[in-house]
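Contents: one structure, followed by commentary.
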Amino acid sequence: VTGESAYHTYNEILAQPKAWQAAIDRSGGLSLPPADSYSQALFTGCGSTYYLSLAAAALYQELTGKAGRAIPAGELLLNPHTVLTGESTLLVAISRSGTTTETLRAVENFKAAKRGPVLAITTHNSSLSALAESSLVISEGQEKSVAQTRSFASMYLAAVSLCLLAAERGDLLRVMPGLPAIGERLLQQYDALARDIGGNLAFERFTFLGNAILYGLAREASLKVTEMTLTQSDAFHFLEFRHGPMSMVDARTVIVGMLSEKNAAQEEAVLNEMREKGGTILSLGEGGADVAFASGMPECLRGVLYLPVLQMMAFYRSLAKGLNPDRPKNLEAVVTLDL
Ligand code: F1P
């Protein structure tokens with residue numbers, strides 16, 4: 001097997017705390033529209049950046065008490081009436097490339113209809129940032145790999161900063177700079193665990209469980225497994241998993257529990273039940289988990305910490321299957337359509 005460092009994906013996952021640092025430094029300067037100029041915030045993107053939108057929308061609403069929603073850009077383009085009301089809306093468009101056709105078209109239509117202000121979070125100065133009133137361009141998050149890793153984490157931190165600014169939580173903004181060093185530590189501390197589980201081809205399915213903000217991140221972690229390793233993978237809210245999908249749990253299933261602090265008891269109950277059904281459990285959380293952050297960070301800032309070990313696990317599984325994680329089958333880095 002070629003050494004890991006021969007792959008862009010590996011190097012980008014490992015180097016991502018530097019991109020986190022850049023996102024944190026850059027985002028403090030974002031200028032937001034006045035809070036009374038919109039009644040809801042709508043986050044949108046495609047694939048990975050839609051899952052980022054799901055996490056950001058939950059965080060936005062939790063922090064500001066104002067409505068926060070997420071929608072795939074393709075859906076905002078085709079069915080805007082399912083999320084837009086007569087009220088003014090802040091649209092936060094998220095795109096690594098800034099050139100995904102659905103995202104651009106959806107933003108153009110939103111602007112033409114004068115629905116409200118538009119912000120962009122991206123890694124390139126390109127079409128999307130040109131469309132937005134103001135943008136966060138995290139160029140350090142740029143990557144060569146097709147599956148989003150450091151780009152996702154750095155754009156996610158920019159979205160977290162945006163939510164903190166909207167909620168006027170300078171106290172939380174001030175502790176964010178401590179996150180990159182914790183990310184570095186986790187990548188070292190849990191590399192062997194990521195390699196053990198990622199490298200074990202006895203496992204045939206991966207299910208990721210997460211509540212609230214962590215549901216969007218569970219969807220993203222599941223997509224990494226699908227994109228990099230051509231493996232069936234899915235994601236659910238913890239309690240939802242009992243309502244049918246748990247029928248599939250067996251010895252070939254890995255259940256990844258992205259534990260919160262707030263609902264740990266309910267979440268751990270689900271993991272214990274799945275362990276009894278023969279599933280292999282991998283838990284992540286601040287403490288009392290297989291991957292324990294011991295971050296000392298407020299809970300609403302811990303989301304990014306769940307990503308590195310799970311990205312690396314997908315990377316190692318890709319190598320174990322003899323695949324090239326830099327070039328996932330059937331995928332291109334950007335989806336451009338003739339709409
Ligand atoms: C988003 C996207 C994802 C896909 C993959 C490549 O593009 O196409 O949908 O999962 O990660 O990127 P972008 O609009 O974020 O550039």
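The values are calculated or read from the model by the stated rules, or taken from the named source; none is laboratory data. These figures come from a predicted structure and were not determined experimentally. A quick note on method: Cβ atoms are made from the backbone with ideal geometry, for glycine too, and the neighbour counts reach across all protein chains shown. For accessibility, only protein heavy atoms count, side chains too; no ligands or nucleic acids. Shrake-Rupley method; radii C 1.70, N 1.55, O 1.52, S 1.80 Å.
Would you be able to say whether some residue in segment 155-171 is hydroxyl-bearing (Ser, Thr, Tyr), open to solvent by less than 20 Å² (accessible area, probe 1.4 Å) and part of a helix (DSSP H, G or I)? Steps first, answer last, please.
Within segment 155-171, the subset hydroxyl-bearing (Ser, Thr, Tyr) is 156, 161.
Checking which are open to solvent by less than 20 Å² (accessible area, probe 1.4 Å) leaves us with 156, 161.
Going one step further and asking which of them are part of a helix (DSSP H, G or I), we end up with 156, 161.
Within segment 155-171, one or more residues are hydroxyl-bearing (Ser, Thr, Tyr), open to solvent by less than 20 Å² (accessible area, probe 1.4 Å) and part of a helix (DSSP H, G or I).
Quick check on my filter: what residues within segment 85-104 are outside any loop (DSSP other than H, G, I, E, B) and free of Cβ contacts under 8 Å to residues at least 60 places away in the same chain?
Residues satisfying the conditions are THR89, LEU90, LEU91, ALA93, SER95, THR103, LEU104.
Being in contact with a Ser or Thr (Cβ under 7 Å, 6 or more places away or on another chain) and of a type outside the set (Val, Ile, Thr): is that true of ALA58 here? If you could, list the steps in order and put the result at the bottom.
Values: in contact with a Ser or Thr (Cβ under 7 Å, 6 or more places away or on another chain): no; of a type outside the set (Val, Ile, Thr): yes.
Answer is no for this residue.
Examine segment 69-80 for a residue that is acidic (Asp, Glu), open to solvent by 40 Å² or more (accessible area, probe 1.4 Å) and more than 18 Å from MET155 (Cα to Cα), and state whether such a residue exists. Show your work before the answer.
Of all residues in segment 69-80, those acidic (Asp, Glu) come to 75.
Imposing the further condition that a residue be open to solvent by 40 Å² or more (accessible area, probe 1.4 Å) reduces the set to 75.
From the residues that got through so far, the ones that are more than 18 Å from MET155 (Cα to Cα) too are 75.
Within segment 69-80, one or more residues are acidic (Asp, Glu), open to solvent by 40 Å² or more (accessible area, probe 1.4 Å) and more than 18 Å from MET155 (Cα to Cα).
Given the conditions (1) polar (S, T, N, Q); (2) open to solvent by less than 20 Å² (accessible area, probe 1.4 Å); (3) within 10 Å of the ligand (Cβ to nearest atom), which single one is not true for THR89?
The failed condition is (3).
If I ask for residues that are part of a loop (DSSP other than H, G, I, E, B) and within 25 Å of GLU332 (Cα to Cα), which ones from segment 35-80 would you list? Quick ask: steps written out before the conclusion?
Start the filter on segment 35-80 by keeping residues that are part of a loop (DSSP other than H, G, I, E, B), which leaves 38-39, 46-47, 65-66, 79.
CYS46, GLY47, listed by residue number.
Could you list, in sequence order, the residues of segment 282-322 that are within 16 Å of the ligand (Cβ to nearest atom) and either over 19 Å from the mean Cα position of the chain (by Cα) or under 30 Å from GLU108 (Cα atoms) (or both)?
If the condition is that a residue be within 16 Å of the ligand (Cβ to nearest atom) and either over 19 Å from the mean Cα position of the chain (by Cα) or under 30 Å from GLU108 (Cα atoms) (or both), then SER318 is the only one that fits.
Within 20 Å of LEU271 (Cα to Cα), touching a Lys or Arg at 6+ places or on another chain (Cβ under 7 Å) and surrounded by fewer than 24 Cβ atoms within 10 Å (Cβ to Cβ) - does that describe any residue in segment 210-223?
There is no residue in segment 210-223 that is within 20 Å of LEU271 (Cα to Cα), touching a Lys or Arg at 6+ places or on another chain (Cβ under 7 Å) and surrounded by fewer than 24 Cβ atoms within 10 Å (Cβ to Cβ).
For PHE152, state whether it is in contact (Cβ under 8 Å) with a residue 24 or more places away in the chain, under 17 Å from ALA22 (Cβ atoms), in contact with an Asp or Glu (Cβ under 8 Å, 6 or more places away or on another chain) and open to solvent by less than 10 Å² (accessible area, probe 1.4 Å). Walk me through how you get there before you give the answer.
Working: in contact (Cβ under 8 Å) with a residue 24 or more places away in the chain: yes; under 17 Å from ALA22 (Cβ atoms): yes; in contact with an Asp or Glu (Cβ under 8 Å, 6 or more places away or on another chain): yes; open to solvent by less than 10 Å² (accessible area, probe 1.4 Å): yes.
Here the answer is yes, as PHE152 does meet what is asked.
Looking at LYS144 and the list (1) closer than 16 Å to PHE43 by Cβ; (2) open to solvent by 10 Å² or more (accessible area, probe 1.4 Å); (3) in a loop (DSSP other than H, G, I, E, B), which single condition is not satisfied?
(1)
Which of the residues belonging to segment 108-140 are within 18 Å of SER154 (Cβ to Cβ), part of a loop (DSSP other than H, G, I, E, B) and touching a helix residue (DSSP H, G or I) at 6+ places or on another chain (Cβ under 9 Å)? Quick ask: steps written out before the conclusion?
Of the residues in segment 108-140, the ones within 18 Å of SER154 (Cβ to Cβ) are 119-126, 128-129, 132, 134-140.
Then keep just the ones that are part of a loop (DSSP other than H, G, I, E, B); that gives 123-126, 132, 138.
Selection gives THR123, HIS124, ASN125, ALA132, ILE138.
All but one of (1) under 16 Å from the mean Cα position of the chain (by Cα); (2) within 16 Å of the ligand (Cβ to nearest atom); (3) of a type outside the set (D, E, K, R) hold for PRO17; state the number of the condition that does not hold.
Against the list (1) under 16 Å from the mean Cα position of the chain (by Cα); (2) within 16 Å of the ligand (Cβ to nearest atom); (3) of a type outside the set (D, E, K, R), PRO17 comes up short only on (2).
Among (1) within 16 Å of the ligand (Cβ to nearest atom); (2) over 19 Å from SER151 (Cα atoms); (3) open to solvent by 50 Å² or more (accessible area, probe 1.4 Å), there is one condition VAL335 misses while meeting the rest; what is its number?
Only one criterion is unmet by VAL335, namely (2).
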